[in-house]
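Have a look at the structure below, then the notes.
The values are calculated or read from the model by the stated rules, or taken from the named source; none is laboratory data. Treat the numbers as computed from the prediction; the structure is a model and nothing was measured. Quick reminder, even Gly has a Cβ in these numbers, built from the backbone with ideal geometry, and neighbours come from all protein chains shown. Accessible surface areas use protein heavy atoms only, side chains included; no ligands, DNA or RNA. Shrake-Rupley method; radii C 1.70, N 1.55, O 1.52, S 1.80 Å.
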Amino acid sequence: MRSRYHGLCRFTKASGHIFIGMCKEGKANGKGVIRFATGETYRGDWVNDRREGSGEGRWPDGTVYRGMWSRGTVNGFGNLKTSSGENYTGEFFSGMRHGKGRAEFANGDILVGSFDKDRVHGHGVMRYGETGNVYEGPWKFGKRHGTNAVLRLGDGGSYTGSFRDGSFDG
């Protein structure tokens, strides 16, 4: 009969993953830390060998996520700082930005709005860092798209109207 770990344990999986933390019936349950063979690490809550609850993930490229996990992946509210300089705070679903959030980009742009499958979708406000322009209005799959949009220019001018696939329409 195979032994089942209970309490504090340390084990290495066949894949090379190393886990240190609390176990129940041979599975990670409670607080724990894992280092995957890929170099990724996770420190946080576990339920039945899956990342579940609050935790922090770190990837070899320098990307860091702090927040909620469900079913082994990023789900719920959290903060993601990528190696490319993006800093996103908001809602996630299945590892993607999904729901309300705020993204700050390395080039100085700031976007506050709704996301769908990692792209801005729905109402959003984008401040373009380099020009000072501000767009407020509808977005469709990552592009400015829809009616009743306002683009305020950094030089004081403005446009009110429609956008289609990221361009002026009208």
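General observations
- Lysine pair count for the chain with Cα-Cα distance under 22 Å and sequence separation of 8 or more or different chains is 10.
- GNM flexibility winner over the chain from N148, N79, N29 (Cα, springs under 10 Å): N148
- Cα pair distances exceeding 23 angstrom across the chain, given as percent: 51
- Surface share of carbon and sulfur [accessible, 1.4 angstrom probe, percent] for the chain: 52
- Across the stretch 20-33, rounded Karplus estimates of 3J(HN,Hα) from the backbone phi angles (6.51 cos²θ - 1.76 cosθ + 1.60, θ = phi - 60°) give 10, x, 7, 10, 9, 6, x, 10, 5, 8, x, 7, x, 10 Hz, Gly and Pro being marked x.
- Solvent-accessible area per residue, Å², over the stretch 18-170 with all protein chains present [probe radius 1.4 Å]: 54
- Kirkwood hydrodynamic radius over Cα pairs of the stretch 119-170, then Stokes diffusion coefficient at 37 °C and 0.692 mPa s, in µm²/s: 304
- Computed from the C-beta positions of K24 and D109, the FRET efficiency with R₀ = 45 Å rounds to 0.45.
- With the simple model of a label 7 Å out from the Cα in the direction of the Cβ, F168 to S54 spans 5.0 nm.
- If you wrap the Cα atoms of the stretch 26-81 in a convex hull and average its projected area over all directions, you get 3.6 nm².
- Here the Karplus curve 6.51 cos²θ - 1.76 cosθ + 1.60, taken at θ = phi - 60°, turns the phi angles of the stretch 164-170 into couplings of 9, 6, x, 10, 4, 9, x Hz, with x standing for Gly and Pro.
- Rounded FRET efficiency, nearest 0.05, which uses the C-beta distance separating E86 from V150 and R0 of 22 Å: 0.30
- Rg ratio for the stretch 1-42: its Cα radius of gyration over 2.2 N^0.38 Å, N being its residue count, equals 1.14.
- Considering the stretch 74-170, its Cα convex hull presents a mean projected area of 5.8 nm².
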